[in-house]
Every structure is written in structure tokens, then in C-alpha cells.
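Here is the structure we will look at, set down as C-alpha cells.
Rule-based calculations on the coordinates, nothing more; no lab input. All values reported here derive from a predicted model rather than from experimental measurement. Glycine also receives a Cβ, built like all others from the backbone with ideal geometry; neighbour counts cover every protein chain displayed.
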Amino acid sequence: MENMYINHWAVLVATVSDFLVGALWYSPLLFAKPWMAVNNFSEEDLKKGNMGVIFGLTFVLSLIISYNLAFFLGDDATTATWGLTAGLLAGVGFVATGFTIVSLFEKRSLKYILINCGYLIVGFALKGWIIGVWR
């Protein structure tokens with residue numbers, strides 16, 4: 001692509017948006033209780049683990065995802081609509097389908113699949129929209 005443009009601020013905001021979507025998606029307002037139930041997690045289980053490592057690695061992985069999506073959307077013709085569409089296509093067509101395949105072999109429930117795939121699809125759509133709109 002001769003006219004590729006990556007807005008690094010948009011990539012950073014798209015990365016942070018994963019945390020905002022996740023905080024809402026897995027909150028008591030939306031899916032915290034059903035998500036905990038399908039994973040057999042208690043409140044005590046959620047307090048275990050090194051949260052610095054978990055959030056730090058999540059940030060790095062989300063940054064990689066956001067940059068990868070930005071490279072696909074790097075053309076001058078990219079718009080907010082195309083960014084949203086590309087995010088949805090990537091979220092549904094690659095991420096959710098791959099997650100579902102793994103979940104089927106792990107014999108996970110449909111509820112588990114829908115909760116987690118919903119988060120991934122919404123997250124990809126939002127990242128695509130942010131990258132597309134912030135040209």
C-alpha cells in the first residue's frame with residue numbers, strides 16, 4: 001500500500017477501549033454473574049492471580065490486535081463505516097469462529113461461548129470504528 005497511514009493515537013485508544021468494553025461486559029450490570037457461573041468462579045477466585053501481569057499482558061496483546069487491525073485499515077479510503085464493518089468481520093469471521101471451535105473441543109456451554117464471543121465481537125467492532133473514524 002503506497003498510501004498506508006497508521007494513526008498511533010487511534011491504535012492506543014482502540015487498545016484502551018478493550019478495557020472499557022471488558023469492564024462493562026463482565027460487570028454486574030451485564031454478564032458478571034453468568035460468566036462466573038459458567039466458569040465455576042467465586043468472588044474469591046477472581047481475587048487470585050497476579051493482576052499486574054494479567055492486565056499488563058492484556059494491554060500488550062490488545063495493542064498487537066489494534067495495530068494489526070490498523071494495518072488492514074491503513075488505506076486512505078478507510079472510513080468509520082468501513083472500520084466498523086472490518087472490525088465486525090474480523091470479530092465474527094476470525095475471532096469468534098476460532099474461539100467457538102476451541103470451545104467446542106473443550107466442551108464449553110453455549111452460554112460460555114456467547115458471553116465471550118459477544119465481548120470479542122463488540123471489542124473488535126469498536127476498535128475498527130475508532131481506527132476508521134480517527135483518520
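Can you confirm whether Ser27 is of a type in the set (Gly, Ala, Ser), touching a residue at least 60 places away in the same chain (Cβ under 8 Å) and either surrounded by fewer than 16 Cβ atoms within 10 Å (Cβ to Cβ) or closer than 25 Å to Asn3 by Cβ (or both)? In short, no.
Checking Ala77 against (1) more than 14 Å from the chain's Cα centre (by Cα); (2) part of a helix (DSSP H, G or I); (3) loosely packed, with under 14 Cβ neighbours inside 10 Å; (4) of a type in the set (Gly, Ala, Ser), which test does it fail? Failed condition: (2). Applying the set (1) loosely packed, with under 14 Cβ neighbours inside 10 Å; (2) within 13 Å of the chain's Cα centre (by Cα); (3) small (Gly, Ala, Ser) to Gly22 leaves exactly one unmet item: (1). Quick check on region 116-127. Is at least one of its residues crowded, with 19+ Cβ neighbours inside 10 Å, in contact with a Leu (Cβ under 6 Å, 6 or more places away or on another chain), in contact (Cβ under 8 Å) with a residue 12 or more places away in the chain and not in a loop (DSSP other than H, G, I, E, B)? For region 116-127, residues crowded, with 19+ Cβ neighbours inside 10 Å, in contact with a Leu (Cβ under 6 Å, 6 or more places away or on another chain), in contact (Cβ under 8 Å) with a residue 12 or more places away in the chain and not in a loop (DSSP other than H, G, I, E, B): present. Here the helices (runs of 4 or more DSSP H) wholly within region 1-71 that include at least 1 residues being under 17 Å from Ile131 (Cα atoms) and among the aliphatic types (A, V, I, L, M) are 8-25.
Kindly establish whether Ala23 is more than 15 Å from Gly118 (Cβ to Cβ) and hydrophobic (A, V, I, L, M, F, W, C). Reasoning before the result, please.
Values: more than 15 Å from Gly118 (Cβ to Cβ): no; hydrophobic (A, V, I, L, M, F, W, C): yes.
Against the criterion (more than 15 Å from Gly118 (Cβ to Cβ) and hydrophobic (A, V, I, L, M, F, W, C)), Ala23 does not qualify.
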